[in-house]
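Below is one structure; the comments refer to it alone.
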Amino acid sequence: MGSETTERNDTLLGNGVIGILAETVNMWERRAPLTPSHCARLVLGGGKRESGVNRIIVQPSTKRIHHDAQYEDAGCEISEDLSECGLIVGIKQPKLEMILPDRAYAFFSHTHKAQKENMPLLDKIMEERVSLFDYELIVDDDGKRMLAFGKFAGRAGLIDFLHGLGQRYLSLGYSTPFLSLGQSHMYPSLAAAKAAVIAIGEEIATYGLPSGICPIVFAFTGSGNVSQGAQEIFKLLPHTFVDADKLPELSAGKSLPPHHQSTRRAFQLYGCVVTSKDMVAPKDPSRCFDKADYYAHPEHYRPVFHERIAPYASAIVNCMYWERRFPRLLSIDQLQQLMKNGCPLVGISDITCDIGGSIEFVNRSTSIERPFFRYDTSTNLYHDDMEGDGVICLAVDILPTEFSREASQHFGDILSRFVTSLASAKGLLELPSHLRRACIAYAGKLTPLYEYIPRMRKTMIELPPTPANSLPDKKYTTLVSLCGHLFDKFLINEALDIIETAGGSFHLVKCDVGQSIDDMSYSELEVGADDTTTLDKIIDSLTSIANAHRGDPNAAEISLKIGRVSECGIDDSMDKVGPKVLILGAGRVCRPAAEFLTSYQNIDQVHVVVASLYQKDAEETVDGIKNATAAQLDVSDTESLSNLVSQVDVVVSLLPASFHAAIARVCIELKKHLVTASYVDDSMSKLEQAAQGAGVTILCEMGLDPGIDHMLSMKMIDEAHAQNGKIKAFTSFCGGLPSPAAANNPLAYKFSWSPAGAIRAGRNPAVYKFLGETINVDGKLVSYLFNCPEKGSTFQ
């Protein structure tokens, strides 16, 4: 039986017979991998001797963009039965029962990242001894994907968004030319859709747009095919592109007298192409943005899109690839605050359709028949209509099929170049390198490049998803972070071999696989061993492969980070009885605070967690302090912050005041008390009612002034009262104030760690008692006299 199977397999693979699948996954999927014209050239253009293709059998479909009769006219056979085909091609993955044994298949499988939802498909491929080629993995010599629909997604995504924008503006009380534009699939061709866009552009140029919604600014993220396709449609409208730094100036230009606001109209749109330098900024203000450094060390950067771009955008067209190790483009908190501040944002076209990705509130995909949902930022609720508060969002994951005819032609033009090799090759080695690299499995076995998939599956599926007890059988563990060309250069396999050969084990904490050779991949592995000698050996070996590639001028650099070794698996000290305190920030104030809390004898043993942006700083701070542990944390990552806060009783923030409102909101949500060491501003004051409702204490200004000043003052006053003394008067000078004789400048200050902060605090209202009378000082008066610039601006 085995020999018969082998003979049949040998006969089928490379037999020159191609099968074209009928698409069954989605009602709207009308694309085809090869059009009738492509098939005609392959079958009729000299036959197998010329093209390597002998026959093409097409499964019948009444919804495919090209009719069965057209394929018949091109020399194809129409049949449900593809059993005679050695190569079967499609667009989307077929139903499992449609997969025939001992064949080669080519389609978008979405399995190479060990995507959980598609592992049954991969299991079926292995079970049926199938050879699987994935279009997504076919790249040219420069590492760019050869088979993709990106531009069509961008084109359809923007046209559909303009269609919805017209409806949304109408619900807000504005009639615009966008209202007459249909969705992409409503036009017989891309050319017809473009003509419709040009027509509304002419109407805008002639009659203008209502001044109440102008300037209308479209912010495009990314510079790849998707963004290019969206911009191609946008450029059909009257427009001007502006740089990101000109957006505030453009927005300021809409300040007109009321009469002009009601009558003047704008005759063009504005576009802004946003790159990574406009989305993030170094956390260290002394450093400049560096793209290479950002991709290698995204933890060194903070998001600024919500500060520099979003406040001026009417529409955001999201076309960028994103991984979870990078800051989000727009978090829920940031969007909610933007809308509270009166941001003109009307809607978002998330063409990437990255659920829970770079735009956090996008928690679902939409369909072509219902392409939009509305997110109400004030209530955090989602709606399917266009009327009401909030922003609209398009998140369709099958946009290219709206231009099925042109998309199929484009795709087939490229696929037909090498489908002949796939159809005629008897073995994997007969194929060119770019096709071999795209072969996930051959004859039911994973090819060497993709042998990491079962390892990833094992650690993601069989082991618990959370770090706790992830390697319970290993006494010593450490976190290893790898960044580089891990998957296309076999390096992930090499790393896992090192761990397992040495007798260690691993748990995959995080994995982001780059989309092409140009994209870095990133993995976090928790590595465990029974003794420190074995773990040290593993670490040394991993360091060696990283250093070896770093020294090779022809190899891409690999970034390797090793965390602190923990005994007994993940440090279980957080589970000990006693209060737990999280200290945010590892500056000079932190260590004395940690030492004091862990040595405090009046209550049960306190456990302290010191969290810092840089793991090394946190580790140095807690070094030698019993019951204190270190953690790496970016407080702008709300999910990570919430995870850490949820494990403690009290949070102490030693970070700058600008971080405290976001931290406080997390503490209120999780009902955790918060202590800060900096002044209260309006954003914190507004949280008082929410804190009271949650039963949470937020104790602010517990630094030097007024914190220590007030405490020492009360200590002195209490001591006086204990001795039956009477306080007649009390005056306190604290901070950087010199003696009156030396106060020879307008501010009377000689030293301040933050002059701008001191002046802003001086603008707050004040209450004091003088000669028995309570004196109230209105902060508005001081604010009027001292209009201090915010952080980041020039202070003189």
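The values are calculated or read from the model by the stated rules, or taken from the named source; none is laboratory data. Note that the structure is predicted; figures quoted are calculated from it, not measured. Because the Cβ atoms are built from the backbone with ideal geometry, glycine has one as well, and the counts that use them run over all protein chains shown.
Determine if segment 680-697 includes at least one residue that is among the aliphatic types (A, V, I, L, M), surrounded by fewer than 17 Cβ atoms within 10 Å (Cβ to Cβ) and free of Cβ contacts under 8 Å to residues at least 40 places away in the same chain.
Checking segment 680-697: at least one residue is among the aliphatic types (A, V, I, L, M), surrounded by fewer than 17 Cβ atoms within 10 Å (Cβ to Cβ) and free of Cβ contacts under 8 Å to residues at least 40 places away in the same chain.
Which pairs turn up if I take residues in segment 625-647 that are at positive phi and modelled with pLDDT under 85 and look for partners that are among the aliphatic types (A, V, I, L, M) and surrounded by fewer than 19 Cβ atoms within 10 Å (Cβ to Cβ) with beta carbon separation below 6 Å, at least 6 apart in sequence or on another chain?
No pair meets every condition.
Kindly indicate the residue of segment 30-54 that is outside any helix (DSSP H, G or I) and at pLDDT below 95 and also farthest from the chain's Cα centre (by Cα) among those meeting that condition.
Gly46
Within segment 414-430, track down each residue that is closer than 14 Å to Leu87 by Cα and of a type in the set (A, V, I, L, M).
The answer is Leu415, Val419, Leu422, Ala423, Ala425, Leu428.
Residue-wise test of (1) of a type in the set (Lys, Arg); (2) under 23 Å from Glu128 (Cβ atoms); (3) touching a strand residue (DSSP E or B) at 6+ places or on another chain (Cβ under 9 Å).
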site	(1), (2), (3)
Leu21	no, yes, yes
Leu42	no, no, yes
Val53	no, no, yes
Thr62	no, no, no
Glu72	no, no, yes
Asp81	no, yes, yes
Pro94	no, yes, yes
Lys113	yes, yes, yes
Lys116	yes, yes, no
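Say we look at segment 379-419 and pick out the residues that are charged (D, E, K, R) and under 22 Å from Val317 (Cα atoms); which of these is surrounded by the fewest Cβ atoms within 10 Å (Cβ to Cβ)?
Here the residue is Asp384.
Taking Glu80, is it outside any strand (DSSP E or B), out of contact with any helix residue (DSSP H, G or I) (no Cβ under 9 Å at 6 or more places or on another chain) and modelled with pLDDT under 95?
For Glu80, the condition - outside any strand (DSSP E or B), out of contact with any helix residue (DSSP H, G or I) (no Cβ under 9 Å at 6 or more places or on another chain) and modelled with pLDDT under 95 - is not met.
Name the residues in segment 632-660 that are of a type in the set (A, V, I, L, M, F, W, C), out of contact with any helix residue (DSSP H, G or I) (no Cβ under 6 Å at 6 or more places or on another chain) and not in a loop (DSSP other than H, G, I, E, B), would you?
Leu644, Val650, Val652, Ala657, Phe659
Suppose we keep only residues that are in contact (Cβ under 8 Å) with a residue 12 or more places away in the chain, over 19 Å from Val43 (Cβ atoms) and of a type outside the set (A, V, I, L, M) within segment 84-102. Which one would you say is surrounded by the fewest Cβ atoms within 10 Å (Cβ to Cβ)?
Looking at the filtered set, the residue picked out is Lys95.
Only one of (1) out of contact with any Phe, Trp or Tyr (no Cβ under 9 Å at 6 or more places or on another chain); (2) in contact (Cβ under 8 Å) with a residue 60 or more places away in the chain; (3) more than 15 Å from Leu137 (Cβ to Cβ) is not met by Asp397, so which one is it?
Asp397 satisfies every listed condition except (2).
Regarding Glu117, is this residue surrounded by fewer than 13 Cβ atoms within 10 Å (Cβ to Cβ) and touching a Pro at 6+ places or on another chain (Cβ under 8 Å)? Step through it out loud before you land on a result.
Details: surrounded by fewer than 13 Cβ atoms within 10 Å (Cβ to Cβ): yes; touching a Pro at 6+ places or on another chain (Cβ under 8 Å): no.
In short, no.
Restricted to segment 133-161, and to residues that are more than 24 Å from the chain's Cα centre (by Cα) and among the charged types (D, E, K, R), which residue is modelled with the highest pLDDT?
Residue satisfying both the conditions and the ranking: Asp134.
Of the residues that sit in segment 450-469 and are modelled with pLDDT of 80 or more and touching a strand residue (DSSP E or B) at 6+ places or on another chain (Cβ under 8 Å), which one is surrounded by the fewest Cβ atoms within 10 Å (Cβ to Cβ)?
Pro454
If the requirement is being in the same structural domain as Met386 (by TED's automatic domain parsing), loosely packed, with under 15 Cβ neighbours inside 10 Å and in a helix (DSSP H, G or I), which of these qualifies: Ile159, Ile233, Ile198, Ile204?
Of Ile159, Ile233, Ile198, Ile204, the one residue that is in the same structural domain as Met386 (by TED's automatic domain parsing), loosely packed, with under 15 Cβ neighbours inside 10 Å and in a helix (DSSP H, G or I) is Ile198.
Which condition breaks for Gln723 when tested against (1) exposed (fewer than 11 other Cβ atoms within 10 Å of the Cβ); (2) assigned by TED's automatic domain parsing to the domain that holds Phe659; (3) among the polar types (S, T, N, Q)?
So Gln723 meets the others, but not (2).
Please list, ordered by first then second residue, the pairs with beta carbon atoms under 7 Å, 6 or more apart or interchain, first in segment 362-387 and without any contact (Cβ under 8 Å) to a residue 60 or more places away in the chain and over 21 Å from Ile398 (Cα atoms), second in a loop (DSSP other than H, G, I, E, B) and not hydroxyl-bearing (Ser, Thr, Tyr).
Hits for this filter: Tyr375/Phe361; Tyr375/Gly390; Asp376/Gly388; Asp376/Asp389; Asp376/Gly390; Thr377/Gly390; Ser378/Asp389.
Suppose the filter is within 30 Å of the chain's Cα centre (by Cα), outside the structural domain of Thr478 (by TED's automatic domain parsing), of a type in the set (Lys, Arg) and more than 21 Å from Pro303 (Cα to Cα); does Lys715 pass it?
No: the conditions fail for Lys715.
I'm trying to understand the selection: among the residues of segment 615-639, which are surrounded by fewer than 16 Cβ atoms within 10 Å (Cβ to Cβ) and closer than 15 Å to Lys283 by Cβ?
Lys616
If a residue has to be on the phi > 0 side of the Ramachandran plot and crowded, with 23+ Cβ neighbours inside 10 Å to count, how many in segment 649-671 make the cut?
Here the count works out to 0.
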